[in-house]
Ligand code: UDP
Ligand code: MG
């Protein structure tokens, strides 16, 4: 059977949300009147989500479960969704119902008008801590400034993509991934639609600060050399200061002044430059580590159970 829509939902310990997700997605997709599938990617859940996904798939043949062998992370789960999706249009949605499935109707309309990527822009966000709101806002703006790809502001992974776009993304097998950046990078005819991001339906966020931070580093290193250029910038600035300071110091020395001499000045200069050098080394390390991961070329994910056929 020809599938028109593939909905991808990454699942990490979402037992409280699964049946409601299934119910709301089914309702919305049935109203569109075309064949669809729901790909539930179980990202190594440790609660009863895995069994629930299997149960749901038994009852509803439109559900296709992809069960990972362990937790690989949200971005990788999305990637597996792309790999298994068969539809002409592919939608990524969070399992916690923060992204309202009802918006897919509007996305599908834009797609029918000829847009190849329809992304959802968060106009308002409900039920999130000021810390999350603030770091998220800062993150989107920082990424926008320093990356070479113009990734729309306040936009998550919730989007509909045409088959053409998904086929491009499937070829991009980079290990450290930032899916929304990859989708912007691919180009095509893109449009945003605004929505109000709801609070999490149930359960706790699966994105602790550590994971958010890693995602931010992936976004920056994956789409720009800016951090590496910062090192060059620091090099020029400190070399410039040193060159300017040289004649001043020689002059002061010759005229017998005692200004600028002493241990504290030397120590500070050494500490400052040592610090800058270590930071630059660390930045270099981030890129080299990524190169190493690419060279190893391990599979992006391991599935315990893939969907039938
Ligand atoms: N998720 C995942 N693997 C992870 C962390 C999260 O598949 O390691 C899924 C999670 O189940 C949810 C989506 O990614 O469907 C977004 O996670 P969450 O709602 O916790 O993030 P937040 O909305 O708080 O940023
Ligand atoms: Mg969420």
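Classify region 155-198: rounded, prolate or oblate, from the alpha-carbon gyration tensor (a ≥ b ≥ c, eigenvalue square roots; a/c under 1.5 rounded; otherwise prolate if a/b is larger than b/c)? Write down the numbers at each step before the final one.
Working: a/c = 2.45, a/b = 1.49, b/c = 1.64.
Verdict is oblate for region 155-198.
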For 176, 22, what's the fewest-to-most ordering of other Cβ within 10 Å of each Cβ? 176, 22
Cβ density ranking, 10 Å radius, fewest first, applied to 59, 175 yields 59, 175
Just need the relative contact order of the chain here, percent rounded to a whole number, with Cα pairs under 8 Å and 6+ apart. 21 percent
Using a Gaussian network model on the chain with a 10 Å cutoff between Cα atoms, which of 104, 146, 241 fluctuates the most? 241
Against the rule of thumb 2.2 N^0.38 Å, how large the Cα Rg of the chain comes out: 1.27
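Using the C-alpha atoms of region 23-141, what convex hull volume per residue, in cubic angstrom, is computed? Spell out each step's value before the answer.
Numbers: hull volume 17.3 nm³, N = 119.
Given the Cα convex hull of region 23-141, per-residue volume reads 145 Å³.
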Per GNM of the chain with C-alpha springs under 10 angstrom, the most fluctuating residue out of 238, 49, 26 is 238
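Pull out a ≥ b ≥ c, the square roots of the eigenvalues of the alpha-carbon gyration tensor of region 179-309, then state rounded if a/c is under 1.5, prolate if not and a/b is larger than b/c, and oblate in the remaining case. Spell out each step's value before the answer.
Details: a/c = 2.89, a/b = 2.64, b/c = 1.10.
Cα axes put region 179-309 in the prolate bin.
Using Cα-Cα distances under 8 Å and only pairs 6 or more residues apart, what relative contact order does region 109-189 have, in percent?
Details: 71 pairs, mean separation 34.0, N = 81.
Relative contact order of region 109-189: 42 percent.
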Over region 46-162, what relative contact order in percent results from Cα pairs under 8 Å that are six or more residues apart? 32 percent
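Counting other C-beta atoms within 10 Å, which of 132, 170, 206 has the fewest, and how do the rest follow?
Least to most surrounded, the residues fall as 170, 132, 206.
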Taking the Cα centre of each part, how many Å lie between region 283-309 and region 118-177? 21 Å
With each pseudo-label sitting 7 Å past Cα toward Cβ, what's the residue 300-residue 23 distance in nm, one decimal? 3.3 nm
Of 205, 232, 266, the one that fluctuates the most in a GNM where the chain has Cα springs shorter than 10 Å: 266
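Write down the Kirkwood hydrodynamic radius of region 234-309, to one decimal in angstroms, obtained as one divided by the mean of 1/r over all alpha carbon pairs.
Working: mean 1/r = 0.0582 Å⁻¹.
Evaluated over region 234-309, this radius sits at 17.2 Å.
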Note: residue 243 to residue 144 extended length (0.36 nm per residue) minus current alpha-carbon separation gives 32.1 nm
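A short reminder: the numbers here are calculations on the coordinates, not readings from a lab. Just so it is clear, the model here is predicted, and its values are computed rather than measured. Here the Cβ is made from the backbone with ideal geometry for all residues, glycine too, and neighbour counts use every protein chain on show.
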